[in-house]
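Right, one structure below, let's go through it.
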Amino acid sequence: QVQLVESGGGLVQPGGSLRLSCAASGSIFRAYTMDWYRQAPGKQRDLVAGITPGGSTNYADSVKGRFTISRDNAKFVVYLEMSNLKPEDTAVYYCHAALTTNQRYQYWGQGTQVTVSP
């Protein structure tokens, strides 16, 4: 019903920046809360940032002040701008969508690898 396609991952040096994108299709983008999660090997998948249809945002304490989530409702895309990256940010980053009116409807992207290393 909803397809999420991520892009923008890659290898970056500590202190560098990266911008992830998630393009949504198959449903009404404006009705969904959009999130970014990440999962490192052997670790659980944790919420990094989220943005509601109204534009309200929230961030994990570990990324607050360094990451920015935004959405372009006209293009059906959500972004995660990451700056001052640290090795601890290395993980697979996943896009997530939850229907605001019924959170039973939740969808995940395929994941994109972010590696922070010298």
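The values are calculated or read from the model by the stated rules, or taken from the named source; none is laboratory data. The structure displayed is predicted, hence computed values, not measured ones. In this analysis, Cβ positions are derived from the backbone assuming ideal geometry, glycine residues included, and neighbour counts consider all displayed protein chains. For accessibility, only protein heavy atoms count, side chains too; no ligands or nucleic acids. Shrake-Rupley method; radii C 1.70, N 1.55, O 1.52, S 1.80 Å.
For the chain, give the percent of accessible area contributed by carbon and sulfur heavy atoms, probe 1.4 Å, rounded to a whole number. Provide the component values of the computation, followed by the final result.
Working: 3010 of 6220 Å².
Of the solvent-accessible surface of the chain, carbon and sulfur hold 48 percent.
Can you pull a Stokes-Einstein diffusion coefficient for the chain at 10 °C (1.306 mPa s), Rh from Kirkwood over Cα pairs, as a whole number of µm²/s?
Working: Rh = 14.2 Å.
D, rounded to a whole number, is 112 µm²/s.
Convex hull over the Cα atoms of region 1-41, averaged projected area in nm²? Could the numbers behind the result be given before it?
Values: hull surface 16.4 nm².
One quarter of the hull surface, i.e. the mean projection, equals 4.1 nm².
Can you work out ³J(HN,Hα) from phi for every residue in region 62-71, in order, using Karplus 6.51 cos²θ - 1.76 cosθ + 1.60 and θ = phi - 60°, giving whole Hz and x for Gly and Pro?
5, 10, 4, x, 10, 10, 9, 9, 8, 9
What nm value, rounded to one decimal, do you get for the distance between Y105 and D61 when each label is placed 7 Å out toward the C-beta?
Spacing of the two 7 Å Cα→Cβ label points: 3.5 nm.
Please list 91-97, 16-22, 6-12 highest first by mean number of surrounding beta-carbon atoms within 10 Å per residue.
Working: 91-97: 22.1, 16-22: 18.0, 6-12: 15.7.
The peptides rank, most packed first, as 91-97, 16-22, 6-12.
If you plug each phi of region 72-84 into the Karplus form 6.51 cos²θ - 1.76 cosθ + 1.60 with θ = phi - 60°, what whole-Hz ³J(HN,Hα) values come out, in order, with x for Gly and Pro?
10, 5, 5, 9, 6, 10, 10, 10, 10, 8, 10, 10, 6
Can you list the residues, at least 5 places off or on another chain, whose amide H is less than 5 Å from the amide H of G16, using H built in the peptide plane?
Those lying under 5 Å, H to H, from G16 are L85.
What aspartates and glutamates sit close enough to K75 to cross-link, taking a C-alpha to C-alpha distance under 16 Å and skipping anything fewer than 8 places away on the same chain?
E6
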